[in-house]
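Scroll down for the structure; my scribbles are underneath it.
The values are calculated or read from the model by the stated rules, or taken from the named source; none is laboratory data. Since this is a predicted model, take the numbers as computed values, not measurements. Methodologically, a virtual Cβ is constructed for each residue, glycine included, from the backbone with ideal geometry; neighbour enumeration extends over all protein chains shown.
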Amino acid sequence: MKSDSTGVLPKDLHNWALFLDVDGTLIDLASTPTGVKIPQELPGQLISLFTQLDGAMALVTGRSIESVDAMFAPFQFPVAGMHGSEVRDGSGNLGRKLINRLALDQARQELEKLTARWPQTIIEDKGLAIAMHYRLVPEAERAVQATMSTVHSRLGEGWKLQNGKMVVELLPSGTDKGSAVADFMTMAPFKGRKPLAIGDDLTDEAMFRFVNGSNGLSVRVGQPLFQSDAQYKVNSPNEVRGWIAALTGAPKQTEKSPELFPLSTQD
């Protein structure tokens, strides 16, 4: 992975298909689920970028599609939510993985016992998936990992564990961000373009690997604690937002502090 500034990001998006992670890429991470701030100009700048790309832009995230829509209202973009467990394509068609909701209810009950022992851990229920955050209590990591592993083993086939920044998620197996991007690239308006993927976490590595094998460009935000497959890196979400502002001819964003949204799995 080559270290670089935003100079690595294209200044002309002609013939590119853009895939953007959300938390840690478009917006800064926060220490609590309610601490995420959305720069007030960002939704409008994203729709401008979407228009420039003739619709060949998708958000690929650990968040649910419902959460993404709330963040960037009134705009609704193509989205791969919950790491590809639900997808809204460029035509607005929505698809979701089928799950055993009774089994997930039982898993939720087990995780509630963990939060009783570690009150600062947070259960994030996404309907199709459950995430356990321990950002406020890092010393709970081993307990969270062990409990999630036990719950996963009881659920059996059809489920997987996904680690992120101070979070572990239980979600349907068979999808990841790489497969989501691959599916987008088979459809208009993405088909025939070169993929550009920008992300910040372990969950984005599958997206990077697909893009690298497709004559595309993969860009990591921040310095990883592991060996990343991204070709380049930029330093922060602020640099990504500055790049978007420059592409759309808009002034750099300012944070809109009253606008807070739940923190999803660190995508």
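Couple of notes before you dig in:
- Residue within segment 92-110 that is under 30 Å from Thr248 (Cβ atoms) and in contact (Cβ under 8 Å) with a residue 12 or more places away in the chain present: yes
- Some residue of segment 180-190 being acidic (Asp, Glu), in contact (Cβ under 8 Å) with a residue 12 or more places away in the chain and not in a helix (DSSP H, G or I): no
- Output for segment 164-177, where each listed residue is without any contact (Cβ under 8 Å) to a residue 40 or more places away in the chain and touching a helix residue (DSSP H, G or I) at 6+ places or on another chain (Cβ under 8 Å): Val168
- Flag for Ala206 being small (Gly, Ala, Ser), assigned to a strand (DSSP E or B) and either more than 24 Å from Val151 (Cβ to Cβ) or in contact (Cβ under 8 Å) with a residue 24 or more places away in the chain (or both): no
- Condition met for Ala131 (crowded, with 20+ Cβ neighbours inside 10 Å, of a type in the set (A, V, I, L, M) and outside any helix (DSSP H, G or I)): yes
- Within segment 191-203, being in a loop (DSSP other than H, G, I, E, B) and among the small types (Gly, Ala, Ser) holds for one residue alone: Gly192.
- Within segment 210-267, considering residues that are small (Gly, Ala, Ser), surrounded by 14 or more Cβ atoms within 10 Å (Cβ to Cβ) and assigned to a loop (DSSP other than H, G, I, E, B), the one modelled with the lowest pLDDT: Ser264
- Exclusive hit being surrounded by 22 or more Cβ atoms within 10 Å (Cβ to Cβ), under 29 Å from Leu9 (Cβ atoms) and at pLDDT below 95, set Gly164, Gly199: Gly164
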